[in-house]
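Report on the structure given below.
Every number here is computed from the coordinates shown, using simple stated rules; none is lab data. For clarity, every value in this text was computed on a predicted model and none was experimentally measured. Cβ: placed from backbone, ideal geometry, glycine included. Neighbour counts: every protein chain shown.
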Amino acid sequence: MIEQSPSLLALLRQLQRVPYLASKNLYIVAQHFLDLDQQGTEQFCNALLTLKERMDKCTDCFSWKEKERGCSFCASSKRDKTVICVVETWRDLIALEKSGGYFGLYHVLGGALCPLDGIGPDDLTIKQLVTRIDRGCAEIIFAFNQTPEGEATASYISTKLKGKSLKISCLARGLPVGSSLEAMDRLTVYKALSERRPF
């Protein structure tokens, strides 16, 4: 049987570690790699190795950036530096950016508070966010997934910002509860962002 091939089993084990790759698609992806010629395989591997070698997180907003370049968001002169949109993940940042309705800065927390999974405030970039706000910020927007964890994270951060002269808003409730920003269409994300309300 082909399942007994050590080389194929090794690839399937690696593919199983890829998040969001459904197990029913493992053989489809494996087939894609098997069908690639040597040049295509080398290009794919080189792209992945180059990505790991050259990408790093911005020390201000924690979005991914090229190591040799400044952050495309933080360094842009076209961005409103008085507004910071706080998101859970880089994927959420991309979803908001695709909407075309936001021109401020971002801050990627790296997740949401979830004590059951062992994720506390020190596991996220909340301290760094507060430091950024202290350097000068007029408004922060909570753009979290509308889940209990997202709500808890917004509440926790807002308590850390009490007494600061700062407008705090969150996305409008047009997004379905329990939904993920990266799964929403651009219009829904745009409306939720443009119709944000005080938190």
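Before moving on, here are some points about what is shown:
- A straight chain from residue 77 to residue 116 at 0.36 nm per residue would run longer than the Cα-Cα distance by 9.9 nm.
- For segment 37-109, the set of GluC sites (Glu not before Pro) satisfying both a DSSP loop assignment and a count of at most 11 other C-beta atoms within 10 Å is given as 68.
- DSSP-assigned coil residues among chymotrypsin sites (Phe, Trp or Tyr not before Pro) in segment 90-188, each with at most 16 further Cβ atoms within 10 Å: 103
- Its relative contact order, with pairs defined as Cα atoms under 8 Å and 6+ residues apart, puts the chain at 16 percent.
- Amide H partners (placed H, <5 Å) of residue 167, local residues excluded: 139, 140
- Translational diffusion of segment 101-171, µm² s⁻¹ [Kirkwood Rh, Cα pairs; Stokes-Einstein; 37 °C; 0.692 mPa s]: 257
- Solvent-free Debye scattering, log10 I(q)/I(0), computed from the Cα coordinates of the chain at q = 0.13, 0.14 Å⁻¹: -0.82, -0.91
- Of all segments of the chain bounded by trypsin sites (Lys or Arg not before Pro) found in a DSSP loop with no more than 15 other C-beta atoms within 10 Å, the longest spans 79-134.
- Antiparallel DSSP beta bridges within the chain, as percent of all bridges there, nearest 5: 30
- DSSP-loop GluC sites (Glu not before Pro) across segment 106-199, with at most 16 other Cβ within 10 angstrom: 195
- Against the empirical 2.2 N^0.38 Å (N residues), segment 2-55 has a Cα radius of gyration ratio of 1.23.
- Among the listed pairs 78/162; 127/164; 67/98; 57/127; 81/167, those with a Cα-Cα distance over 18 Å are 78/162; 67/98.
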